[in-house]
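Asker: Okay, handing you the structure first.
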Amino acid sequence: MIKNRKLIYLSLLSALGIVLGLFESVIPLPVAIPGARLGLSNIVVLVTIVAIGYKEGFFVAIFKTVILALVTGAVSRFLFSLGGALLSSLAMIIAHKFLRKYLSLIGISEIGSFFHNLGQVLVASYIMKTTAILAYLPLLVILGIFTGFFVGLASIYIVDNTNISKERA
């Protein structure tokens, strides 16, 4: 991929991830689970991992997390989001690299969803200095099954219907 074109795509994908993150922060969920979100901006991360590259997907995940914390002023949520973004993007990269023959993007997204929730709960456990918060993980995982499915489905549609993909996608 030409370097300038790649930079343009990364800029657009990062901006889209930030906009989707802002959008989902104002959408009320029908379940009263603190910290639960739709994960719409993770569509951008998964598409970047698959269509452009692993380093670039990791960069987009971290960049959008930092910018969203600054734009929304949700600095208290920043560590939770960062923990989730780090673990989920690494898990999706590893899953795509080693399991893409066996899993669709929905499966890879489900793995990312699980590890995002795990990362958030581990950060919360560390900050609160208790493992009791781990009891909250099953609720997040159940919700994550549905959001992970949607993120994976949307990612398949985007990768199949755009020309940003490279030969390994």
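Asker: Please specify each residue of the stretch 44-55 satisfying the condition of being touching a Ser or Thr at 6+ places or on another chain (Cβ under 6 Å) and at pLDDT below 95.
Answerer: Ala51
Asker: Of the numbered conditions (1) more than 14 Å from the chain's Cα centre (by Cα); (2) modelled with pLDDT under 90; (3) closer than 18 Å to Phe150 by Cα, Val75 fails exactly one; give the number of that condition.
Answerer: (3)
Asker: Can you tell me how many residues within the stretch 1-25 are open to solvent by 100 Å² or more (accessible area, probe 1.4 Å) and in contact with a helix residue (DSSP H, G or I) (Cβ under 7 Å, 6 or more places away or on another chain)?
Answerer: The total comes to 0.
Asker: A further question on this structure: Name the residue, out of Phe58, Phe78, that is free of Cβ contacts under 8 Å to residues at least 24 places away in the same chain and aromatic (Phe, Trp, Tyr).
Answerer: Sole residue among the options that is free of Cβ contacts under 8 Å to residues at least 24 places away in the same chain and aromatic (Phe, Trp, Tyr): Phe78.
Asker: Is it true that some residue in the stretch 55-77 is more than 21 Å from Asp160 (Cα to Cα), crowded, with 18+ Cβ neighbours inside 10 Å, among the hydroxyl-bearing types (Ser, Thr, Tyr) and touching a helix residue (DSSP H, G or I) at 6+ places or on another chain (Cβ under 6 Å)?
Answerer: Taking every residue of the stretch 55-77 in turn, at least one turns out to be more than 21 Å from Asp160 (Cα to Cα), crowded, with 18+ Cβ neighbours inside 10 Å, among the hydroxyl-bearing types (Ser, Thr, Tyr) and touching a helix residue (DSSP H, G or I) at 6+ places or on another chain (Cβ under 6 Å).
Asker: Which of the residues that make up the stretch 125-153 are among the hydrophobic types (A, V, I, L, M, F, W, C), modelled with pLDDT under 95 and over 15 Å from Arg37 (Cβ atoms)?
Answerer: Passing the criteria: Ile127, Met128, Ala132, Ile133, Leu134, Ala135, Leu137.
Asker: Residue under question is Leu87, and the condition is that it be more than 15 Å from Gly152 (Cβ to Cβ), modelled with pLDDT under 95 and out of contact with any strand residue (DSSP E or B) (no Cβ under 7 Å at 6 or more places or on another chain); does it hold?
Answerer: No: the conditions fail for Leu87.
Asker: Same structure, new question: For the stretch 92-104, name all the residues that are under 12 Å from Tyr54 (Cα atoms) and surrounded by fewer than 20 Cβ atoms within 10 Å (Cβ to Cβ).
Answerer: Ile94, Lys97, listed by residue number.
Asker: I've got another one for you. Suppose we filter Gly107, Gly39 for residues that are under 18 Å from Phe150 (Cβ atoms) and surrounded by fewer than 21 Cβ atoms within 10 Å (Cβ to Cβ); which single one remains?
Answerer: The unique qualifying residue is Gly107.
Asker: Here is a further query. For Ile145, indicate whether it is β-branched (Val, Ile, Thr), in a helix (DSSP H, G or I), open to solvent by 20 Å² or more (accessible area, probe 1.4 Å) and in contact with an Asp or Glu (Cβ under 8 Å, 6 or more places away or on another chain).
Answerer: In short, yes.
The values are calculated or read from the model by the stated rules, or taken from the named source; none is laboratory data. All values derive from a computational prediction rather than experimental measurement. All Cβ positions, even for glycine, are placed from backbone atoms using ideal geometry, and neighbour counts span all protein chains on display. To get the accessible areas, we keep the full protein, side chains included, count just its heavy atoms, and leave off ligands, DNA and RNA. Shrake-Rupley method; radii C 1.70, N 1.55, O 1.52, S 1.80 Å.
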